[in-house]
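One structure below.
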Amino acid sequence: MSQSLEQLQKEFLYEKTNSCVQCGYCLPVCPTYATMGKETHSPRGRINLVKMVGEGKIKDVSVLEEPLDLCLGCRACETACPTGVEYGSILEAARAALVRRKKFSAPVRLLRKTMFKKVFPSSRMMKLTGNALWLYQKSGIQKVVQSSGIMKKLPYHLGDFEAIAPPAVSPAERKQTPVRVGAKGEKKYTVAFFTGCIMDAMFQRINRLSVLLLAEAGCDVIVVPNQTCCGALHAHSGEMEEARHLAKQNIIAFEKANADFIVNNAGGCGAMLYEYGHLLADDKEWADRAAAFSTKSRDISQVLIACGGMPDLQPRSGERVTYQRSCHMTNVQKVVREPLELLTNVPGIKFVEMEEANMCCGSAGIYNIVHYDESMDILDEKMKHTKATGASTVITTNPGCLLQMKLGIQRENLSGSVRAMHLIEYLAEAAGIS
Amino acid sequence: MTSAHIEEVMSIVKTGRVLTDESDRFSYSFDGSFGTYLPDAVIQTKNVEELAALVKFANRERIPVYPRGQSTCLSGGPLPVKGGMVFDLSVMNDLLEISEEDLVAVVSPGVLTADIHKAAEKKGLLYPPDPSSSHVSTIGGNMAENSGGPRGLKYGVTKDYVIGLELITPEGEIIKTGGRTVKNVTGYDLTKLIVGSEGTLGIITKAVLRLLPKPPASETVMAVFNNLVDAGSAISKILSAGILPAKMELMDQASIAAVENYEPLGLPVDAEAIILLELDGHPAALKDEVKQAAELCKSVGARDIRIPQNAVERAEVWRARKLVSPAIVRIKPTKISEDATVPRSKIPQMCERLQQIRDKYNVHLVVFGHAGDGNLHPNIICDKSDKEEMNRVEQAVAEIFTAAVELGGTLSGEHGIGTMKAPFMEMELGTVGLDMMKRIKEAWDPNNIMNPGKIFPEPGQKLELS
């Protein structure tokens, strides 16, 4: 591969690094700078490394791999940045440039190919995964496995995650998921629902409740056929071509629905959908269609608020609730007010904001699996603040955060007294919908 | 440094980390100014004895040592210009004790300045120095550079609040200077010598800071002027009338326009200048002072006076001032932030000189800053990839310094000399004045290992921005 400086500058988006004035305002908001304690793992440090490649001072680009790999991509630095550095774009481009140059070992290459090209994008594979999870939980294998101690021996600490997996949905129940639901009462909007891959496989119940809540609030809901994975996991791992491919597939699928909004319930997916316009900006044929898609994309909390909030919620009895924000909802979609408004409008709750509420919980896609120890350091910080609120319910708005917070609760031995829930589950509970 | 050197460093550092990977070395090669300089190793330890042992070793082997906070410096203070070891003192952030009875804070160097503000305020006290970067800069860095901030007008700068230090000398000894008393005249005032010495005389490992009772209330006044020189007159009018605002900030037309383009806040874009005042003190006295200040501004030609009525409105007004820096870099990517300072009475003349420099070199020059204490921030917005432009910028910057010194001012009000302004030192201090400073440096640091390459110009050194 050509290594001319110009080529490197182009691939690594050197131009964009010039807007970083190295003021360091990003340092206090960066979770990895806080836990890892060195500039190499700060946004400013990472941007500088890319800059050094662009200036020809770093010749061996592989020295960037670890610092960039260990970034959560939470993009809190973008929110803090006074000069509007496009950190997300720089990170994405640099990762893609590194992946192009990297020689993965044969098993890793196979695993990446299988996961990125065969599993996440395939609704059949994701359904199979969901079904396998159900079979595993219901057949009694789970009990045997858990008592055998074998979980401790799994790679990537997968055993820890196994214990917090949500109750699976049976294949029969899965088939009952509505594909079209009419608005209750006066119709306010027609919305197309984005199911997501992991949401669909593991949190099918939250998806079903989302559809019901949208209808309850006054939306005609269409679950669009032929939709696929949003591509976020691909983009974050430097697999840009695959991400673009998936985006196009989704654009085609949702154009047919002709809805007012394209609604999702997962902060991470939402951010990706929100950025399709940016992802395909250089593709003449697709740029406009992608931008139109992104303009219509909304988090479910935005749509519920646009409908006037949730009607008929049952009062809670002084329950203490705290809220772990999804980074991608806060820092990319900039959806901050609506989830909080929905939550605090639940009658009778005592809402307690945690310290450093905007810090990432360490979930970050598959970060908690591939960088387990680093992720747990970040989670420990988060749990310190969560515990300090004394809340018995932790609300999240992203599947990754939900699992991570469940893991945190388990690690702190709080499973008996604290629960983690998706905002949608909580609202459904308060609305008496199950 | 040789590999034997690195091994010896590793044997000394038992409780921390020694970073030598290329990615780590590059990550400690820059600050908020210009230039990239690779250190051979970066050391992170909270242990003062280990640091002292490292300095002893460095002094023996003639290896340069650079103390570093969070590297937000705008003048090149922490840059490892001659290789060697960077000591990352931001990890020493554990000690922050407030003593209400002695009215002092005792801190370790890595504590963030904003954390000191918060801790003091919790007890009804105030640590006045407030550099704009306080939420990210460390107190150690603030002391090294003798940082200022908007409140400098009424309350002074960092050095006015440091009364005691623990320091590692360039020969690796640990000494104490000053103490916990405001009055202390025992011997030379080494505390004042160290604060602002930009890390060239030693490494601060602990400090005692003076605190004040927090003023009970504050008010804000915004005055809008059609003429920059009138704004300058208003500043001296208010001060000579016996009113001492906590802050007195100036924004010129270019800054106002930049902020409005960046985020519309309803600022008057046709005005040539805005002055923002913050007055603090007893509520009854404040009411009177606000009225008086407003009248004085009007008497010298202010076309509009705005007095925000609540905390939200006040915050909005100050937000405009805070947005100047981010707003102007949207125009072009490179920002040369200067802090040439002149006597207050010379502010109108300095403004005129700046406008001439802007036109002469055809550079995008924006003026804002702490007008009340003469500490202006002429900022040149440019593009460092444009060599021809940068050449003009270098000449313009040099002329800004000349203008400040000619008007009886100084090269730096709060950012420090570092690498950026070293070439101009002799212009301000004279040959003998600079030589006296060098002799102090030579006496403290005979082997010139402590943050070399800063303050004092190398023979033939010139300002280079590209």
Take the residues in the stretch B:429-466 that are touching a Phe, Trp or Tyr at 6+ places or on another chain (Cβ under 8 Å) and modelled with pLDDT of 95 or more; name whichever of them is nearest to B:Thr410 (Cα to Cα).
B:Leu434
Flag if A:Ala97 is more than 11 Å from chain B (Cβ to nearest Cβ), surrounded by 15 or more Cβ atoms within 10 Å (Cβ to Cβ) and more than 30 Å from B:Ile328 (Cβ to Cβ):
yes
Members of the stretch B:58-78 found to be surrounded by fewer than 24 Cβ atoms within 10 Å (Cβ to Cβ) and either in a helix (DSSP H, G or I) or touching a strand residue (DSSP E or B) at 6+ places or on another chain (Cβ under 9 Å) (or both), listed by number
B:Asn59, B:Arg60, B:Glu61, B:Ile63, B:Pro64
Scan the stretch A:346-360 and give yes if some residue there is aromatic (Phe, Trp, Tyr) and not in a helix (DSSP H, G or I), otherwise no.
yes
With respect to B:Ile139, is the statement that it is without any contact (Cβ under 8 Å) to a residue 60 or more places away in the chain and crowded, with 18+ Cβ neighbours inside 10 Å true?
no
Based on what the data block shows, is B:Thr15 out of contact with any strand residue (DSSP E or B) (no Cβ under 6 Å at 6 or more places or on another chain), surrounded by fewer than 17 Cβ atoms within 10 Å (Cβ to Cβ) and at pLDDT 95 or above?
yes
Examine the stretch A:3-24 for a residue that is within 24 Å of the chain's Cα centre (by Cα) and within 11 Å of chain B (Cβ to nearest Cβ), and state whether such a residue exists.
no
Spans of helices (runs of 4 or more DSSP H) in the stretch A:32-84 with at least 3 residues open to solvent by 10 Å² or more (accessible area, probe 1.4 Å) and not aromatic (Phe, Trp, Tyr):
A:65-69, A:76-80
When you scan the stretch B:223-252, how many residues do you find that are more than 13 Å from B:Gly369 (Cα to Cα) and open to solvent by 10 Å² or more (accessible area, probe 1.4 Å)?
13
Could you please let me know if B:Ser255 is closer than 26 Å to B:Glu399 by Cβ, touching a helix residue (DSSP H, G or I) at 6+ places or on another chain (Cβ under 8 Å), part of a helix (DSSP H, G or I) and open to solvent by less than 60 Å² (accessible area, probe 1.4 Å)?
yes
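Could you list, in sequence order, the residues of the stretch B:315-342 that are open to solvent by 50 Å² or more (accessible area, probe 1.4 Å) and more than 14 Å from chain A (Cβ to nearest Cβ)?
If the condition is that a residue be open to solvent by 50 Å² or more (accessible area, probe 1.4 Å) and more than 14 Å from chain A (Cβ to nearest Cβ), then B:Ala315, B:Glu316 are the ones that fit.
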Yes or no: the stretch A:424-433 includes at least one residue that is outside any helix (DSSP H, G or I) and either small (Gly, Ala, Ser) or modelled with pLDDT of 95 or more (or both).
yes
Please go through the stretch B:18-50 and give me each residue that is open to solvent by 50 Å² or more (accessible area, probe 1.4 Å) and facing another protein chain (nearest Cβ under 10 Å), ordered by number.
B:Asp21, B:Glu22, B:Arg25, B:Leu38
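Residue under question is A:Leu72, and the condition is that it be away from every other protein chain (no Cβ under 14 Å) and touching a helix residue (DSSP H, G or I) at 6+ places or on another chain (Cβ under 6 Å); does it hold?
So A:Leu72 passes the test.
Here is a yes/no grid of residues against (1) within 22 Å of the chain's Cα centre (by Cα); (2) over 26 Å from A:Val21 (Cβ atoms):
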residue: B:His377; (1), (2): yes, no
residue: B:Ala396; (1), (2): yes, no
residue: B:Lys421; (1), (2): yes, no
residue: B:Leu429; (1), (2): yes, yes
residue: B:Asp435; (1), (2): no, yes
residue: B:Lys438; (1), (2): no, yes
residue: B:Glu442; (1), (2): no, yes
Residue hits (the stretch A:381-404; over 22 Å from the mean Cα position of the chain (by Cα) and small (Gly, Ala, Ser)) are A:Ala388, A:Gly390, A:Ala391, A:Ser392
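A quick yes/no check of all residues on (1) outside any helix (DSSP H, G or I); (2) surrounded by fewer than 21 Cβ atoms within 10 Å (Cβ to Cβ); (3) of a type in the set (Ser, Thr, Tyr); (4) in contact with a His (Cβ under 6 Å, 6 or more places away or on another chain):
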| position | (1), (2), (3), (4) |
| --- | --- |
| B:Gly413 | yes, no, no, no |
| B:Gly418 | yes, no, no, no |
| B:Leu429 | no, yes, no, no |
| B:Leu434 | no, yes, no, no |
| B:Arg439 | no, yes, no, no |
| B:Asn447 | yes, yes, no, no |
| B:Lys454 | yes, no, no, no |
| B:Pro459 | yes, yes, no, no |
| B:Glu464 | yes, yes, no, no |
Residues in the stretch B:63-81: is at least one at pLDDT below 95, within 23 Å of B:Gly202 (Cβ to Cβ) and polar (S, T, N, Q)?
yes
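Quick grid of which residues meet (1) within 25 Å of A:Leu27 (Cβ to Cβ); (2) open to solvent by 50 Å² or more (accessible area, probe 1.4 Å); (3) of a type in the set (Val, Ile, Thr); (4) modelled with pLDDT of 95 or more:
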position: A:Arg337; (1), (2), (3), (4): no, yes, no, yes
position: A:Glu341; (1), (2), (3), (4): no, yes, no, yes
position: A:Glu353; (1), (2), (3), (4): yes, yes, no, yes
position: A:Met359; (1), (2), (3), (4): yes, no, no, yes
position: A:Gly362; (1), (2), (3), (4): yes, no, no, yes
position: A:Gly365; (1), (2), (3), (4): yes, no, no, no
position: A:Asn368; (1), (2), (3), (4): yes, no, no, no
position: A:Tyr372; (1), (2), (3), (4): yes, no, no, no
position: A:Asp377; (1), (2), (3), (4): yes, yes, no, yes
Tally the residues that are at pLDDT below 90 and either more than 24 Å from B:Lys322 (Cβ to Cβ) or assigned to a strand (DSSP E or B) (or both), restricting the search to the stretch B:337-348.
4
Number of the condition not met by B:Leu95 [criteria: (1) in contact with a Ser or Thr (Cβ under 8 Å, 6 or more places away or on another chain); (2) within 14 Å of chain A (Cβ to nearest Cβ)]:
(2)
Let me confirm something: among B:Val312, B:Val363, which residue is crowded, with 17+ Cβ neighbours inside 10 Å and of a type outside the set (Lys, Arg)?
B:Val363
Within the stretch A:387-403, considering residues that are farther than 16 Å from A:Cys327 by Cα and in a helix (DSSP H, G or I), the one most open to solvent (accessible area, probe 1.4 Å):
A:Lys387
Quick check on B:Thr113: is it within 14 Å of chain A (Cβ to nearest Cβ) and among the β-branched types (Val, Ile, Thr)?
yes
Counting only residues that are touching a Cys at 6+ places or on another chain (Cβ under 9 Å), among the small types (Gly, Ala, Ser) and facing chain B (nearest Cβ under 7 Å), how many does the stretch A:25-44 have?
0
I'd like to know if the stretch B:371-392 contains one or more residues that are of a type in the set (S, T, N, Q) and crowded, with 16+ Cβ neighbours inside 10 Å.
yes
Can you find a residue that is assigned to a loop (DSSP other than H, G, I, E, B), open to solvent by less than 30 Å² (accessible area, probe 1.4 Å) and within 30 Å of A:Tyr372 (Cβ to Cβ) anywhere in the stretch A:168-179?
yes
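The values are calculated or read from the model by the stated rules, or taken from the named source; none is laboratory data. Because the structure is a prediction, the values reported are computed rather than measured. All Cβ positions, even for glycine, are placed from backbone atoms using ideal geometry, and neighbour counts span all protein chains on display. Protein only, heavy atoms only, side chains kept; ligands, DNA and RNA dropped before computing areas. Shrake-Rupley method; radii C 1.70, N 1.55, O 1.52, S 1.80 Å.
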